[in-house]
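These notes concern the structure reproduced below.
The values are calculated or read from the model by the stated rules, or taken from the named source; none is laboratory data. Just so we're clear, the structure is a prediction, and the values are computed from it rather than from any experiment. Reconstructed Cβ throughout: ideal geometry from the backbone, glycine too, with neighbour counts over all protein chains shown.
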Amino acid sequence: MLKQIEGSQAVAQTVALSRPEVICAYPISPQTHIVEGLGELVKSGALAPCEFINVESEFAAMSVAIGSSAAGARTYTATASQGLLFMAEAVYNASGLGLPIVMTVANRAIGAPINIWNDHSDSMSQRDCGWIQLFAAHNQEAADLHIQAFKLAEELSMPVMVCMDGFILTHAVERVDIPAQTEVDAFLPPYEPRQVLDVNEPVSIGAMVGPEAFMEVRYLAHAKQLMALERIPQIAAEFAERFGRTTGGLVRGYRCQDADTIVVALGSVIGTLKDTVDELRDDGLRIGVLGIHSFRPFPLAAVRAALEHAKRVVVLEKSFSVGLGGVVSTDVRLALSGLGLQGYPVVAGLGGRAITKASLARMLREAVADQLQPLTFLDLDWRIVNRQLEREAATRRSGPIAENLLRDVGTVASKVS
Amino acid sequence: MLQIRIHGRGGQGVVTAAELLSVAAFEQGRHAQAFPSFGSERTGAPVVAFCRIDDREIRLREPILAPDVLIVQDPTLLHQVDVFQGLKPDGYVLINSRRSFDQLGLGEVARQFRHERLTTVPATEIALKHLGRPLPNAVLLGGFAALSGLVSLDAVAHAIRGRFSSKLADGNIAAATEAFEFVRQEMEELAEMKEAAHAQAD
C-alpha cells in the first residue's frame, strides 16, 4: 500500500512485517524513530509474538541480540554512530558466531567533535567485522532491503547491516509502498536456524578456537560472503518479480552504457547525482552513475564490469580514512586493477555538509576535464582550515581546534543551510 | 518541481507543517518529499523545514536553496534569519502576522517580488481562537492553499485529519479554513484595487 510516510516509520513497519521475535535497542539519533515505531507496534499487539527488550546500552543491545538469535529467535536491532562503536566487540561476535541478526545503521558521523549529522564513518568503521553491509539509496529501498536482509541473513547464517543515511532518509517523509503481510510471508519463510541453543540437544556456540582452526573459521566467513555475492542479486530478482520493483542487488547503473565518466557512490546521494548527471548529459557530457548497494561483500567483478568501458571514474564518498583518503575509493581501485583508468576520489558530505547539485556539477565538470586533484574534498572551506594552520604555526597554545573553527565561521543560526 | 521552505521556531510545528503539506500533495496523487533542517532541536530556536512536490519521483536530496514558496511561521525571525535567501522572483510568500509587509519593514524586499503573491495572515490569533494554543502551522497551510491554489483546502484538511486526534483535527481544520477565507478575501480586495487602478488609468 502506498503511504506518504517518514523513512523511519517505513522501516519500522517493514521490519514488523518480517515478523521479528526479539527486538532490542538503545536509542540514539538518528535511529531512534525506528525502534520507537517498533516499540509501539509491539505494545499495541500489532506485532506479535515479539519481545521488545529495553537495554542499558548498545553493547547490551547486541549482546541480547546474540543471545536471542542463538536461541533461535529472529532478531532485530538498530543503531548509529557512537552506538555502533560502543557495540563493536559484540558486533564482531555476532558475525564470528554466524548469527543472522539484522541491524539498521542510520548512518551518522563519529565524534569528536560531537556531530549528530549524516556521513558513512560509522558503518565504514565496521566494514571488516564480517557483517554483510547493504546500502539504501532511498526510503523505498531502505524498507525493501530489510525484507531481503532477513532472507539473506537466515539462508547464510550471517548477520546483515542495512545502512541508510541518517536524517536525510530516516527523517524524510516520502512515498513508500509498504507491502501486505501475505506478500512478505510468501517471500520470507519462517526462520530455520542452522545452530540453536536447545536443552534437548545441547551444543556450545562460541567455543575457543586456537591456531589449529581459527584461520579456517575466518575463511569460512569469507566463503559465506562470496556466496552472498551470488545470492544478493538472486534475492533482489526474486523480490522484483514478486513486488514489482528493483531494489537491492550488488550495483545498479544509471546512464552508464556509453559513459566516458562514471561516478560511483553509496546511499542517498545517488538521487542527487542522477539529477546532476541528467543536466550534464543535456550539455553533451557522457556521464553516468554507479550505485553500490552491497558494500560487504564488495562486488569486485560487478564493479569492474560496470566501469571497464569508461575513461575515468569518480568515487564520491561520505567516508574518509584519515592519513590515506577514500575508503570506498580504495576498494573501487582494487576492482579496476590493471585497467589504467583515471580515478578521482572525492570526499563529500562529512558530518552532514549538504551535497548540492551545483557543487556536484562543478566538480564533475572538472573531472571530465581531468582537472581534479588526486584527492578532492567537496566544498571544503580552505579559509578556516588555513587560518587554523597559521594559528598553530604562530603559537604553541593555539587552543581547541573545534572552538577556533566555530569562532571563525561565525553564527550559523542566520544561515538557511 | 515546486519547492517550499518553511521557517519557524522549535515548538511551532515547522516540521509537521512540511509533512502535512507533503501528505496533502500525496493525497492529490503527486510525489512529495518533506524533511527538516537537521539539528539539535530546541524550543524557540530557528527551525527550517522543506517540502518538494512534483509529478514524478523526487530524487534530489539537497536543502531547498531556491524556493518557489516561503512560509514564515514566526515574524520575529525576519530580522534574525535571511528567510528570503534564494527565493525565486515569481515566488510566493506567506507570513504569520497581523501586520502588512510595509508595517513589518519589508516594503523594500516586497517590491522585488510579485505583490499579488505576497501576503500575511494572523495565524497565531486564528490558532488561539480555535485551538486555544498559539500553533500557527496547520493554519498557515490553509492560507497557503488560498494564496497559491497549489494545494486544495480539502487536501490540507484531509492531511490534518490523518495526523491529529479528532478534537485537535477539528480545531486545526476550522482554523485552516478561516485562514483560507482570510487570504482569499485579501486576494479579492487586491484584485479589485488593481482593477480600480486600471479603470482610473483608462
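Picking from residues in the stretch A:163-178 that are more than 21 Å from residue A:326 (Cα to Cα) and touching a helix residue (DSSP H, G or I) at 6+ places or on another chain (Cβ under 6 Å), the one that is surrounded by the fewest Cβ atoms within 10 Å (Cβ to Cβ) is A:178.
Of the helices (runs of 4 or more DSSP H) lying entirely inside the stretch B:110-183, the ones with 2 or more residues being over 25 Å from residue B:83 (Cα atoms) are found at B:123-131, B:153-163. For the condition surrounded by 24 or more Cβ atoms within 10 Å (Cβ to Cβ) and within 14 Å of chain B (Cβ to nearest Cβ), residue A:107 qualifies.
Can you tell me which residue within the stretch A:135-157, out of those that are out of contact with any Leu (no Cβ under 8 Å at 6 or more places or on another chain) and away from chain B (no Cβ under 14 Å), is surrounded by the fewest Cβ atoms within 10 Å (Cβ to Cβ)? Across the stretch A:135-157, the extreme among qualifying residues is A:155.
Out of curiosity, is residue B:83 modelled with pLDDT under 95, buried (at least 20 other Cβ atoms within 10 Å of the Cβ), within 11 Å of another protein chain (Cβ to nearest Cβ) and part of a strand (DSSP E or B)? Against the criterion (modelled with pLDDT under 95, buried (at least 20 other Cβ atoms within 10 Å of the Cβ), within 11 Å of another protein chain (Cβ to nearest Cβ) and part of a strand (DSSP E or B)), residue B:83 does not qualify.
Can you give me the ranges of the helices (runs of 4 or more DSSP H) entirely in the stretch A:298-417 with at least 3 residues that are within 14 Å of chain B (Cβ to nearest Cβ)? Where helices (runs of 4 or more DSSP H) fall fully within the stretch A:298-417 and carry at least 3 residues being within 14 Å of chain B (Cβ to nearest Cβ), they are A:357-368.
Checking B:171, B:143 one by one, the residue that is touching a His at 6+ places or on another chain (Cβ under 6 Å) and touching a residue at least 40 places away in the same chain (Cβ under 8 Å) is B:171 and no other. Residue check: is residue A:46 farther than 19 Å from residue A:17 by Cβ and in the same structural domain as residue A:8 (by TED's automatic domain parsing)? So residue A:46 fails the test. Within the stretch A:317-362, the set of residues being of a type in the set (A, V, I, L, M, F, W, C) and more than 24 Å from the chain's Cα centre (by Cα) comprises A:339, A:341, A:358, A:361.
Would you mind stating whether residue B:148 is closer than 23 Å to residue B:23 by Cβ, surrounded by fewer than 23 Cβ atoms within 10 Å (Cβ to Cβ), touching a Phe, Trp or Tyr at 6+ places or on another chain (Cβ under 6 Å) and at pLDDT below 95? Judged against the criteria, residue B:148 is a match. Within the stretch A:26-34, does at least one residue satisfy the condition of being in a loop (DSSP other than H, G, I, E, B) and away from chain B (no Cβ under 14 Å)? Yes, that holds for at least one residue. Which condition breaks for residue A:95 when tested against (1) closer than 30 Å to residue A:326 by Cβ; (2) assigned to a loop (DSSP other than H, G, I, E, B); (3) of a type outside the set (Phe, Trp, Tyr)? Just one mismatch for residue A:95, condition (2). Of all the residues in the stretch A:110-134, those that are touching a Gly at 6+ places or on another chain (Cβ under 7 Å) and within 14 Å of chain B (Cβ to nearest Cβ) number 4. For the stretch A:230-270, the set of residues classified as of a type in the set (Gly, Ala, Ser) and either touching a helix residue (DSSP H, G or I) at 6+ places or on another chain (Cβ under 7 Å) or crowded, with 23+ Cβ neighbours inside 10 Å (or both) consists of A:236, A:248, A:249, A:253, A:259, A:265, A:267, A:268, listed by residue number. Comparison of A:64, A:22, A:55, A:42 shows that the only residue that is in contact with a Lys or Arg (Cβ under 8 Å, 6 or more places away or on another chain), at pLDDT 95 or above, away from chain B (no Cβ under 14 Å) and surrounded by 15 or more Cβ atoms within 10 Å (Cβ to Cβ) is A:22. Among the residues here, residue A:247 qualifies as within 14 Å of chain B (Cβ to nearest Cβ) and closer than 22 Å to residue A:307 by Cα. Select from the stretch A:36-59 the residues that are touching a helix residue (DSSP H, G or I) at 6+ places or on another chain (Cβ under 9 Å) and more than 29 Å from residue A:88 (Cα to Cα) and list them in ascending order. Correct list: A:46, A:48. Return a yes/no flag: does the stretch B:152-174 have any residue that is modelled with pLDDT under 95 and on the phi > 0 side of the Ramachandran plot. No, the stretch B:152-174 contains no residue that is modelled with pLDDT under 95 and on the phi > 0 side of the Ramachandran plot. Answer with yes or no whether residue B:23 is within 17 Å of residue B:138 (Cβ to Cβ), touching a residue at least 60 places away in the same chain (Cβ under 8 Å) and not basic (Lys, Arg). So residue B:23 fits the description; yes. Being part of a helix (DSSP H, G or I), in the same structural domain as residue A:218 (by TED's automatic domain parsing) and out of contact with any Gly (no Cβ under 8 Å at 6 or more places or on another chain): is that true of residue A:15 here? Considered against the rule, which asks whether it is part of a helix (DSSP H, G or I), in the same structural domain as residue A:218 (by TED's automatic domain parsing) and out of contact with any Gly (no Cβ under 8 Å at 6 or more places or on another chain), residue A:15 comes out as yes. Restricting the stretch B:86-105 to residues that are touching a strand residue (DSSP E or B) at 6+ places or on another chain (Cβ under 8 Å) and more than 19 Å from residue B:179 (Cβ to Cβ), the residue that is farthest from the other protein chains (Cβ to nearest Cβ) is B:91.
Considering only residues that are without any contact (Cβ under 8 Å) to a residue 40 or more places away in the chain and surrounded by fewer than 24 Cβ atoms within 10 Å (Cβ to Cβ), which ones fall in the stretch A:1-15? Passing the criteria: only A:9. Of all residues in the stretch A:321-345, those being in contact with a Gly (Cβ under 9 Å, 6 or more places away or on another chain) and surrounded by fewer than 23 Cβ atoms within 10 Å (Cβ to Cβ) number 2. Each residue in the stretch B:25-57 was checked for being within 13 Å of the chain's Cα centre (by Cα) and among the aliphatic types (A, V, I, L, M), and 2 of them qualify.
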